[in-house]
Amino acid sequence: MNAIATGLYTFKHFTDLTESESDEVLRGRNDPQVRRWMTSDQPIDADDHHRFMSGLKSNDKSLYVRIERAECFVGVYSLNDLADDSALGGFWVTAYARDRLLPLNVVFHGMDYMFRVQGIGRIYGHQKKSNQSAIRLNALLGLYPSKTLIAHGGDTQQIEITRQQWTQMTAQDAKLLKLMDRMEKLNGTT
Amino acid sequence: MEQLEKYKLAFVEIIGVTEEQLPGLVYQDTAGWDSVGHMQLMTQLEDVFGIALEMEDILDFSSYEKGMDIMRKYGVTL
């Protein structure tokens with residue numbers, strides 16, 4: 001499969017990346033400005049990265065896509081634990097996109113790709129009750145708590161959204177679309 | 001409501017801080033003022049004051065006080 005474009009945004013599966021695209025993903029992921037937001041802030045070793053990328057070819061439980069905006073690499077959206085039309089969603093946004101205030105737009109388009117193009121039925125994730133940034137971003141994207149996870153000491157909530165909720169609510173939320181459109185116009189198309 | 005009060009209210013509502021915390025408040029200094037909060041704050045200020053901020057000013061809007069200087073450029077009396 002080659003890259004799939006929806007407007008300004010292009011999606012390319014990790015299994016289809018060129019060596020230089022894959023290297024750019026590793027550099028982006030290891031950027032200190034990106035690592036500070038990750039669960040593990042340790043840089044990823046190049047060999048580990050290559051093993052991970054190779055492993056994806058025989059892994060039908062995971063799907064990783066590289067996202068570009070106007071031909072610039074802006075982030076990654078991933079699905080893991082794919083089962084019964086549901087998956088654990090994840091993402092990271094490049095320093096380039098963060099500097100341009102595009103994280104919301106990047107994550108929105110990553111989720112939109114998974115729902116509309118890949119046809120996933122439900123995306124879920126976890127958020128800490130104390131993480132205001134995550135709670136706000138998730139709420140904007142329609143990801144609301146479905147249960148509290150006792151295993152995490154009651155501090156973590158499971159959040160989720162179905163494809164129907166996405167297409168009928170989030171993707172038509174006028175306030176959200178206006179907010180994202182503002183940033184798209186400010187950033188232009190180059 | 002005076003323009004300064006509207007300016008402060010935007011921060012209190014969007015960033016989630018009290019008025020007392022506003023002096024010296026810097027972008028990314030508090031969880032509420034991350035990139036998404038920043039975008040929401042900018043659009044709120046545009047709506048409240050009926051202005052359209054330039055990209056340069058949105059990126060330059062790095063603190064509560066710096067934001068006041070930028071608002072004045074658009075004719076907002078603070």
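Tell me whether region A:112-155 comes out rounded, prolate or oblate; compute the Cα gyration tensor, take square roots of the eigenvalues as a ≥ b ≥ c, and use a/c under 1.5 as the rounded threshold.
On the way: a/c = 3.41, a/b = 1.75, b/c = 1.95.
It comes out oblate by the Cα gyration axes.
From the Cα gyration tensor of chain A, with a ≥ b ≥ c the square roots of its eigenvalues, which class applies: rounded if a/c is under 1.5, or else prolate if a/b is larger than b/c, or else oblate?
Rounded, because the longest to shortest axis ratio a/c is under 1.5.
From a point 7 Å beyond the Cα of A:W37 in the direction of its Cβ, which residues of region A:161-180 have a backbone N at a distance under 18 Å?
Hits in region A:161-180 for A:W37 at 18 Å: A:179-180.
Give me the inter-chain shielding for B:36-43: mean count of other chain Cβ atoms within 10 Å, whole number please. Don't skip to the answer; put the middle values down first.
Details: counts 11, 4, 1, 11, 5, 0, 5, 5.
The per-residue average across the peptide is 5.
For chain A, what relative contact order do you get, as a whole percent, if you take Cα pairs closer than 8 Å and at least 6 residues apart?
Relative contact order, chain A: 15 percent.
Averaged across A:179-185, how many Cβ atoms of other chains sit within 10 Å of each residue's Cβ atom? Please report the intermediate quantities before stating the final value.
Values: counts 6, 1, 0, 7, 6, 0, 2.
Mean shielding count: 3.
Among the helices of chain B (complete DSSP H runs), which have Cα atoms covering no less than 20 Å along the helix axis and a Kyte-Doolittle mean of at least -0.5?
Within chain B the helices that satisfy the rule are B:35-49.
On the Cα set of region B:3-73, report Rg and Dmax in Å, please.
10.7, 29
Every read-out reported here was derived from the displayed coordinates using simple, explicitly stated rules and does not represent laboratory data. The model shown is predicted, which means the values in this text are computed figures rather than measured ones. Backbone-built Cβ (ideal geometry, glycine too); neighbour counts: all protein chains shown.
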